[in-house]
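The values are calculated or read from the model by the stated rules, or taken from the named source; none is laboratory data. Please read all numbers here as calculations on a predicted model, not as lab measurements. Note that we place each Cβ from the backbone using ideal geometry, even for glycine, and neighbour counts take in every protein chain shown.
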Amino acid sequence: MSNASYCLILPAAGSGNRMKSDIPKPLLQLAGKSVLYWSIKVFAAIPELKQLIIPTQESMFEQISAILHAVIKDTKRDDIKVNLIAGGKERLFSIANALPFIENEIDLVMVHDAVRPLVSIRAILNCIEKTKTNKACILGLPLRETIKQTTKNGQIVSTPDRTTHWSIQTPQCFSKSLFIKAYEIALKKNYFGTDDSSVVEFAGFPVMICEGNSENIKITYPIDLQLAELLMLNREY
């Protein structure tokens, strides 16, 4: 699987509530373009990307179509098959809606948060390479801070060994057959994971991890957007 083709699923239905904005987070402006534009563009630089599926709100179709056109024009990647589809009320259902659209010739499926525009190409490629031999790999960062386990009322229960804990990022990459099987199990048992790897783990498949890049922040609050603006000035792919 030296030149494995992959499909990128990019859920983009996020609202702007925690950003205190009426504009959905993927459509917010960052360095003169939308957040979604940058999130797509970094993946378009990888030739093995053959398909892009974006589950989103139907009210955003027109704006996202314009963003897609701009990315394809700027990257000259008109060979990428694009599917813009309706998302679900939960992330699980948005991903499930995307599954029937995955092309037969696709080897790997990668899922990325639409509001992580600063992932590095190096991190993406590392994740892909590890998936080729392990069938499932995600990005993350080793924890640097001491962590505590607490009760619901805030009482500390224990201090876990931070060397065995990671802060998880996207993209997350899987073999196509494993990914589809895992989601079939999750849907049947009505399991809602917090990320795609938890769905795969729930199905009983092992998942590996490789180190991401610290700039790969998820834009959730206004300060995240401000930080992303600063990081864009010194971005290294």
Scanning segment 177-192 for residues that are surrounded by fewer than 19 Cβ atoms within 10 Å (Cβ to Cβ) and either touching a Pro at 6+ places or on another chain (Cβ under 9 Å) or not aliphatic (A, V, I, L, M) (or both), the one modelled with the lowest pLDDT turns out to be 192
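Only residues that are aliphatic (A, V, I, L, M), out of contact with any Asp or Glu (no Cβ under 7 Å at 6 or more places or on another chain) and within 12 Å of residue 13 (Cα to Cα): list them for segment 51-91, please.
Quick first cut of segment 51-91, residues aliphatic (A, V, I, L, M) only: 52-54, 60, 64, 66-68, 70-72, 80, 82, 84-86.
Applying the additional criterion that residues be out of contact with any Asp or Glu (no Cβ under 7 Å at 6 or more places or on another chain) yields 52-54, 60, 64, 66-68, 70-71, 80, 82, 84-85.
Within segment 51-91, 54, 60, 64, 84, 85 qualify.
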With the first residue restricted to segment 191-216 and required to be within 17 Å of residue 110 (Cβ to Cβ), and the second required to be acidic (Asp, Glu) and surrounded by fewer than 18 Cβ atoms within 10 Å (Cβ to Cβ), Cβ contacts under 6 Å at 6 or more apart or on different chains are 207/201
For segment 26-66 the number of residues that are among the aliphatic types (A, V, I, L, M), within 18 Å of residue 94 (Cβ to Cβ) and within 18 Å of the chain's Cα centre (by Cα) is 8
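Somewhere in segment 113-126, is a residue acidic (Asp, Glu), farther than 25 Å from residue 225 by Cα and modelled with pLDDT of 95 or more? Lay out the reasoning, then the answer.
Keep residues of segment 113-126 that are acidic (Asp, Glu), which gives 113.
Filter once more, so that each one left must be farther than 25 Å from residue 225 by Cα: none.
No: zero hits.
For segment 100-120, give me the residue count where each residue is of a type in the set (Val, Ile, Thr) and in a loop (DSSP other than H, G, I, E, B).
Our first condition is that a residue be of a type in the set (Val, Ile, Thr); within segment 100-120, this holds for 102, 106, 109, 111, 115, 119.
Keeping just the survivors that are in a loop (DSSP other than H, G, I, E, B) gives 102, 106, 115, 119.
The qualifying residues number 4.
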_If I filter segment 211-226 for residues that are under 19 Å from the mean Cα position of the chain (by Cα), farther than 22 Å from residue 13 by Cα and part of a strand (DSSP E or B), do I get at least one hit?_
yes
Taking segment 173-193 and keeping residues outside any helix (DSSP H, G or I) and charged (D, E, K, R) leaves 189
The strands (runs of 3 or more DSSP E) lying wholly within segment 1-94 that contain at least 1 residues that are modelled with pLDDT of 95 or more and of a type in the set (Asp, Glu) are none
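Quick check: is even one residue across segment 157-171 farther than 20 Å from residue 102 by Cβ, without any contact (Cβ under 8 Å) to a residue 24 or more places away in the chain, assigned to a strand (DSSP E or B) and not aromatic (Phe, Trp, Tyr)?
In the first step, residues of segment 157-171 are kept if they are farther than 20 Å from residue 102 by Cβ; the result is 157-169.
From what is left, the residues that are without any contact (Cβ under 8 Å) to a residue 24 or more places away in the chain are 157-165.
Now narrow it down to the ones that are assigned to a strand (DSSP E or B): 157-158.
Those still in the list that are not aromatic (Phe, Trp, Tyr) too: 157-158.
Yes, segment 157-171 contains a residue that is farther than 20 Å from residue 102 by Cβ, without any contact (Cβ under 8 Å) to a residue 24 or more places away in the chain, assigned to a strand (DSSP E or B) and not aromatic (Phe, Trp, Tyr).
Restricting to segment 111-135, give me the number of residues that are in contact with a strand residue (DSSP E or B) (Cβ under 8 Å, 6 or more places away or on another chain) and either closer than 28 Å to residue 68 by Cβ or of a type in the set (Val, Ile, Thr) (or both). Let's see the steps before the verdict.
Kept after step one, since they are in contact with a strand residue (DSSP E or B) (Cβ under 8 Å, 6 or more places away or on another chain), are these residues of segment 111-135: 111-114, 116-117, 119, 123-124, 126-128, 130-132, 134-135.
Next cut, either closer than 28 Å to residue 68 by Cβ or of a type in the set (Val, Ile, Thr) (or both) only: 111-114, 116-117, 119, 123-124, 126-128, 131-132.
Matching residues across segment 111-135 total 14.
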Considering segment 97-120, residues that are surrounded by 15 or more Cβ atoms within 10 Å (Cβ to Cβ) and among the acidic types (Asp, Glu), and then whichever is nearest to residue 214 (Cα to Cα), we arrive at 113
Pairs returned, first residue in segment 30-52 that is among the acidic types (Asp, Glu), second residue that is assigned to a strand (DSSP E or B), beta-carbon separation under 6 angstrom, 6 or more apart or interchain, are 48/6
Of the residues in segment 86-123, those that are more than 20 Å from residue 218 (Cβ to Cβ) and in contact with a Gly (Cβ under 8 Å, 6 or more places away or on another chain) come to 93, 96, 97
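Within segment 121-129, can one find any residue that is part of a strand (DSSP E or B), of a type outside the set (Phe, Trp, Tyr), out of contact with any helix residue (DSSP H, G or I) (no Cβ under 9 Å at 6 or more places or on another chain) and under 24 Å from residue 215 (Cα atoms)?
Step one: filter segment 121-129 for residues part of a strand (DSSP E or B), giving none.
Scanning segment 121-129, I find no residue that is part of a strand (DSSP E or B), of a type outside the set (Phe, Trp, Tyr), out of contact with any helix residue (DSSP H, G or I) (no Cβ under 9 Å at 6 or more places or on another chain) and under 24 Å from residue 215 (Cα atoms), so the answer is no.
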Within segment 193-209, residues being farther than 22 Å from residue 88 by Cα and buried (at least 17 other Cβ atoms within 10 Å of the Cβ) number 3
